[in-house]
Amino acid sequence: VQLQASGGGLVQDGGSLRLSCAASGMIFVINTMSWYRQAPGKQRELLATITSDGTTNYADSAQGRFSVSRGNAKNTLYLQMNSLKSEDTAVYYCHADSKLGPEYDYWGQGTQVTVSS
């Protein structure tokens, strides 16, 4: 499975961005998909998850401002980000785990989001 994240960029404080993550390869093994982010000097942080049946969960930092979804074909992951703040500046990564077991997981290459104040 390969994951390709896109949609990052420079946005002003209070603005919005929509990130996408396209999955290819053996997509039928994908189970839960997630978005993480990593700011400079900080640990990678889990933001939002969505299961194969559409159940979502959010970190406190994402709750109410971010929305995770999957495309109808289940091979595309989205993160709609609204009311962006300077502290949202980070590299955003998509992740997928596999129905084959916990030893299989997949990461996208990351997309930079920069929020200017």
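The values are calculated or read from the model by the stated rules, or taken from the named source; none is laboratory data. Just so it is clear, the structure is predicted and the values come from calculations on it, not from any experiment. Here Cβ is always computed from backbone atoms with ideal geometry, including for glycine, and neighbour counts include all displayed protein chains. Only protein heavy atoms, including side chains, enter the accessible area calculation; ligands, DNA and RNA are left aside. Shrake-Rupley method; radii C 1.70, N 1.55, O 1.52, S 1.80 Å.
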Going through the stretch 62-117 one residue at a time, which ones are closer than 23 Å to G25 by Cβ and of a type in the set (A, V, I, L, M)?
V68, A73, L77, L79, V91, A96, L100
Report, by residue number, each residue of the stretch 33-74 that is among the small types (G, A, S) and open to solvent by less than 50 Å² (accessible area, probe 1.4 Å).
S34, A39, A48, G54, A59, S61, A62, S69, G71
Selected residue (criterion: most open to solvent (accessible area, probe 1.4 Å)) from residues of the stretch 91-116 that are without any contact (Cβ under 8 Å) to a residue 12 or more places away in the chain and among the charged types (D, E, K, R):
E103
I need a count of the residues in the stretch 56-77 that are out of contact with any Lys or Arg (no Cβ under 6 Å at 6 or more places or on another chain) and in a strand (DSSP E or B).
9
Could you identify the single residue in V1, V91, V68 that is touching a helix residue (DSSP H, G or I) at 6+ places or on another chain (Cβ under 8 Å) and β-branched (V, I, T)?
V1
Being modelled with pLDDT of 95 or more, more than 12 Å from the chain's Cα centre (by Cα) and over 11 Å from A96 (Cβ atoms) narrows R65, R37 down to just R65
Counting only residues in the stretch 101-117 that are closer than 30 Å to G15 by Cβ and among the aromatic types (F, W, Y), the one farthest from the chain's Cα centre (by Cα) is identified as Y106
Condition check: over 15 Å from G108 (Cβ atoms), touching a strand residue (DSSP E or B) at 6+ places or on another chain (Cβ under 7 Å) and among the aliphatic types (A, V, I, L, M). Does L10 satisfy that?
yes
Looking at this structure, is L3 part of a strand (DSSP E or B) and exposed (fewer than 13 other Cβ atoms within 10 Å of the Cβ)?
no
Are there any pairs, at least 6 apart or on different chains, whose C-beta atoms fall under 8 Å, with the first in the stretch 1-29 and under 22 Å from A73 (Cβ atoms) and the second outside any strand (DSSP E or B) and of a type in the set (S, T, Y), and if so, which?
V29/Y104
What's the total number of residues in the stretch 75-90 that are under 25 Å from Q2 (Cα atoms), without any contact (Cβ under 8 Å) to a residue 60 or more places away in the chain and either of a type outside the set (A, V, I, L, M, F, W, C) or open to solvent by 30 Å² or more (accessible area, probe 1.4 Å) (or both)?
3
In the stretch 44-55, is there at least one residue being more than 19 Å from L84 (Cβ to Cβ) and either touching an Asp or Glu at 6+ places or on another chain (Cβ under 7 Å) or part of a strand (DSSP E or B) (or both)?
yes
